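First up is the structure itself, then whatever we jot down about it.
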Amino acid sequence: MATIVGKVVAFHDCFVQDTPFNIAQPIYILGPKTGISVTLPADSELIIEWCACYPRTVVIVTVDGIFHTSNGFLNIVELKFPPSLIPSTMIHKVKNVGIVFPNVYILIENSLYLASIGQVINIGELYFPHVDFIGIEAATWCSEAYPYFEGELSEIILWSQDEIFLGYPDSKFHSLITARLLREKLKLP
């Protein structure tokens, strides 16, 4: 655990002061050790996702695969999918990723997958069988720096055309609001 103290500095596009960060952490491998690569569509810009509380943890998505490091690029491991988990028509359709340490959410086409130590599962099929997701975003702040007194802080937000969901620790999800109600409240067409 390291603490940035003194003068306010910019770190991961945020101004921080007297903020604790976990610098050292063990190397771990997400997903199975063998399997198939999933990638961005051809000619796509790469996606780089950093973890808010563990700045040495990064996921990079390219046209060659999804790569993960938990030690600041000293070791990089490709995240593989079990061949039976994903249709071959979707292996080149990664849209986005979100890190919720130590796990990674992966949006492929409109399906949501969760990579954890040693496995990848179709979390959309388990928790949201009839939802076609169009976006995900993980927390961009470290919750340890923001004390709270009751309840839990969400770690990820997921959305479809019709609904927005918040994700909490231990794969708990709650509907936040429907898109129709949000448009009404914001007075949008």
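The values are calculated or read from the model by the stated rules, or taken from the named source; none is laboratory data. Just so you know, these numbers come straight off a predicted model, no measurement behind them. Cβ sites come from the backbone with ideal geometry, for glycine too, and all protein chains shown count toward neighbours.
Per-structure values
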{"item": "Candidates I177, I86, I157 - the one that is crowded, with 16+ Cβ neighbours inside 10 Å, in a strand (DSSP E or B) and touching a residue at least 12 places away in the same chain (Cβ under 8 Å)", "result": "I157"}
{"item": "Residue among F21, F15 that is modelled with pLDDT under 80 and surrounded by fewer than 14 Cβ atoms within 10 Å (Cβ to Cβ)", "result": "F15"}
{"item": "Residue that is buried (at least 19 other Cβ atoms within 10 Å of the Cβ), at pLDDT below 95 and not in a strand (DSSP E or B), where the choices are G72, G124", "result": "G124"}
{"item": "Residue list for the stretch 137-174, filter: of a type in the set (G, A, S), modelled with pLDDT of 90 or more and in contact with an Asp or Glu (Cβ under 6 Å, 6 or more places away or on another chain)", "result": "S160, G167"}
{"item": "Checking A138 against (1) surrounded by 16 or more Cβ atoms within 10 Å (Cβ to Cβ); (2) out of contact with any strand residue (DSSP E or B) (no Cβ under 6 Å at 6 or more places or on another chain), the condition it does not meet", "result": "(2)"}
